[in-house]
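Any read-out appearing in this document is the output of simple, stated calculations on the displayed coordinates, not a laboratory observation. No experiment lies behind these values; they were computed from the predicted model shown. So basically every Cβ, Gly included, is an ideal-geometry build from the backbone, and we count neighbours across all protein chains shown.
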């Protein structure tokens, strides 16, 4: 076992545990998690694997392939979070607006 | 504050024969100048709707005894949101014309009839005030601000296809139909551009009118900084891609 493997493998296992705790109830999340962390563990244990796959796909190094993949996932995750954030803003605005109008109409009702 | 004690549309100006001109004044942390602005508006015999956008000290404390409609956002949402809240309220209260008006005293209330009359006459749906139609008014605008606003006209055109002489003037009047068809989503200052885009897509008839802007020390300090204009543009670009 190389040094980096000794560091990374427990981290992957730890991440898998935390992930499973967060998504305990969702089967799909579990399957995804198993696939993701399984792949992670595999890449740590068999380092040449990523390089072999990369070569097949026309990428120079395994690391590069992994990097491209992570960048794409990162961008996607960001977009998802951003649009969620915008949606939350809209809901807050609608809520505050409703309270403002309701209070005003309550205050101003004909007596 | 008892808004319904006031007779609607005491007819001093001809346009008030159609009653229900509601002037929306969004206010965020304004000081006593708000009361002055409101008083000037009340003298125009319109319904005044003050929307307190989460001011630290509730604006109603400054407006004691004045017959205005008062709405308060519990948290600060932004000028666009405040205008939309006021507009919604005005429409629910039966407004025929909705006017947007700044709280800081920059806008001249005496120009309200100029904007509102053509709408009441059915000639247009949206009346926009412009600082740059009359060279006399343009000269009052501080030079740097003038260039930023002129740039704003170009940017606005790029995003909306509408070419005006003044795209960031908060003084405008909308017919009921126009107000109903334009729902502003932008909470912050980008709403000015959003309104133009909505105006265009709803095919509303619009016209610009010359309006005098009164710059005081107070309103200068309150006005948008030049730097903030960059923020607005970046905002517009991002929201174009991620609505």
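Observations on the model:
- Rounded tilt (10° steps) of A:62-107 against the dominant C-alpha axis of chain A: 10
- The overall shape of chain B is rounded: from the C-alpha gyration tensor, with semi-axes ordered a ≥ b ≥ c, the ratio a/c is less than 1.5.
- Shape category assigned to segment A:6-85 from the gyration tensor of Cα positions, a/c cut at 1.5: oblate
- Projected label distance in nm at residue A:2 and residue A:64, using a 7 Å step from Cα toward the beta-carbon: 1.8
- Residue-averaged beta-carbon neighbours from other chains (10 angstrom radius) around B:45-57: 1
- Förster radius 25 Å - calculated FRET efficiency between residue B:234 and residue B:74, Cβ distance, rounded to 0.05: 0.30
- Per-pair calculated FRET efficiency, R0 = 41 Å: residue A:11 and residue A:99 via Cβ, rounded to 0.05: 0.30
- Cβ-Cβ distance of residue A:48 and residue A:76, R₀ of 30 Å, FRET efficiency by 1/(1 + (r/R0)^6): the value works out to about 0.60.
- Where labels lie 7 Å past Cα in the beta-carbon direction, separation of residue A:86 and residue A:26 in nm: 2.2
- Bridge type composition, the protein assembly as shown - antiparallel percent by DSSP, nearest 5: 30
- With 0.36 nm allotted per residue and the present C-alpha distance subtracted, the residue B:139-residue B:40 stretch has 33.2 nm of extension available.
- Model label sites at residue A:18 and residue A:107, defined 7 Å from Cα along the beta-carbon direction, differ in position by 4.7 nm.
- Across peptide B:142-153, the mean count of Cβ atoms from other chains lying within 10 Å of each residue's own Cβ comes to 0.
- Value of relative contact order over chain B, rounded to a whole percent, pairs C-alpha under 8 Å and six or more apart: 22
- From the alpha carbon centroid of segment A:63-80 to that of segment B:85-160 is 46 Å.
- DSSP bridge orientation in chain B - percent antiparallel, rounded to nearest 5: 30
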